[in-house]
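Report on the structure given below.
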Amino acid sequence: ALHTALAKQPEAAWNHPDWWIATVREAWPDDWQTILASADQPPPMALRANVRRIGRDALRARLGEAGLDARPVGEDGLILDAPRPVRDIPGYAEGWWSVQDPSAQRAARLLPLQDDMRVLDACAAPGGKTAHLLEHHRLRLTALDSDAQRLERVGDNLRRLGLESADVSLRCADAARPADWWDGQPYDAILADVPCTASGVVRRHPDIRWLRRADDLARTAALQARIADALWPLLTPGGHLLYATCSIFPQEGESQVRAFMDRHPEAQRLPAPGHILPGGPDDGDGFYYALLRKPA
Ligand SMILES: C[S@@+](CC[C@H](N)C(=O)[O-])C[C@H]1O[C@@H](n2cnc3c(N)ncnc32)[C@H](O)[C@@H]1O
């Protein structure tokens, strides 16, 4: 009887608003139940080794000495057996690692980079991916974000991780309005980790689903399109743009990028994960990645 009653009240049964359930169901007819259920599972705590300071395996050994077990994930990551306060994990102040979800850790290796490239991280705060890019390459990088307070955290993170340099600058500005901030020099690579509904990370922010309204999705999707369109002309011929969101909604992922391709038919799509559903083999957050290349 309880089951039947709950089936009539999907909001209560799934602990998500009706519009959210309908959107996930339509997008993922085979996986919607798993996706909604995963939002109420505790998320893993994952670290990313700062390879400028310590390799992932060496970090794992140091954690082990301190009695913390962790398993490798991706190329630079470790998933802790149990979440802990950051101060209780060796090497925080020393900048050996950052807390970062396994799906978010994929960005840095997807973007083809070389030392000395001119790179724009267009929606950078709090700097998780900015730092990862800089851990692997010495770049001439601009980290842009429209939120001044959040941008300060990028600076804090880069300092702690030892990644500050004269080649790295932070800029508070609107990525959709390059006329306000662009110096006219094209970028070799752009990371557009655009603002989104955060529908892929609800297990980390259980209130998100109740705070969002149905029309937020259309609004964020429109902002993402404006940002992507504004950034595309800033890319040098042969340059790469990595579009990323922590959303599982196709309106912010695959449909968004298909519409972009219609507006910019010259853009070439290169292999990238596309939608990553929450959970999965890496136990990562829900995410979306598309890699676009401007013809040389
Ligand atoms: C998904 S978060 C970025 C996370 C970051 N890349 C990381 O890995 O730590 C999106 C960011 O976009 C910023 N943002 C929102 N609208 C923007 C705009 N019009 N121009 C630039 N940044 C914007 C937000 O302040 C937020 O910090």
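The values are calculated or read from the model by the stated rules, or taken from the named source; none is laboratory data. Fair warning: this is a prediction, and the values are worked out from it, not measured in the lab. Note that each Cβ is placed from the backbone with ideal geometry, even for glycine, and that neighbours are counted across all protein chains shown. When the accessible area is computed, the model is the full protein with side chains, heavy atoms only, and any ligands, DNA or RNA have been set aside. Shrake-Rupley method; radii C 1.70, N 1.55, O 1.52, S 1.80 Å.
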With an 8 Å Cα cut-off and a minimum separation of 6 or more residues, compute the relative contact order for the chain in percent. 17 percent
With every protein chain kept in place and a 1.4 Å probe, region 86-159 has an accessible area per residue in Å² of 42 Å²
Once residue 296 and residue 13 are pulled to full extension, the length gained, defined as 0.36 nm per residue separation minus their Cα-Cα distance, is 96.7 nm
Where a ≥ b ≥ c are the square roots of the eigenvalues of the C-alpha gyration tensor, would you call region 140-206 rounded, which needs a/c under 1.5, or, failing that, prolate if a/b is larger than b/c, or oblate? oblate
Would you work out if the chain is rounded, prolate or oblate? Take a ≥ b ≥ c from the square roots of the eigenvalues of the alpha-carbon gyration tensor; rounded if a/c is under 1.5, else prolate when a/b is larger than b/c, oblate otherwise. oblate
Expressed in nm to one decimal, what extension gain is obtained for the pair residue 229 and residue 34 from 0.36 nm per residue of sequence separation less their Cα-Cα distance? 66.8 nm
Would you please put 109-122, 92-105, 201-214 in order of how densely packed they are, using the mean number of other Cβ atoms within 10 angstrom per residue and starting with the highest? 92-105, 109-122, 201-214
Pull up all non-local amide H partners of residue 97: gap of 5 or more, or a different chain, and H-to-H distance under 5 Å with H placed in the peptide plane. 50
Using +1 on the beta carbon of Lys and Arg, -1 on that of Asp and Glu, and nothing else charged, what's the dipole of region 5-126 about the Cα centre, debye to 20? 320 debye
Tensor-based shape of region 46-99 (alpha-carbon gyration tensor, a/c under 1.5 rounded, otherwise prolate or oblate): rounded
Modelled FRET efficiency - R0 35 Å, residue 185 with residue 159, Cβ distances, 0.05 increments: 0.85
Which value in nm describes the separation of the simple spin-label points at residue 51 and residue 116, placed 7 Å from the Cα toward the beta carbon? 2.1 nm
Among 9-15, 33-39, 250-256, the order from most to least packed when residues are scored by Cβ within 10 Å on average: 250-256, 33-39, 9-15
Taking the Cα centre of the chain as origin, work out the dipole magnitude from +1 charges on Lys and Arg Cβ and -1 charges on Asp and Glu Cβ, in debye rounded to 20. 220 debye
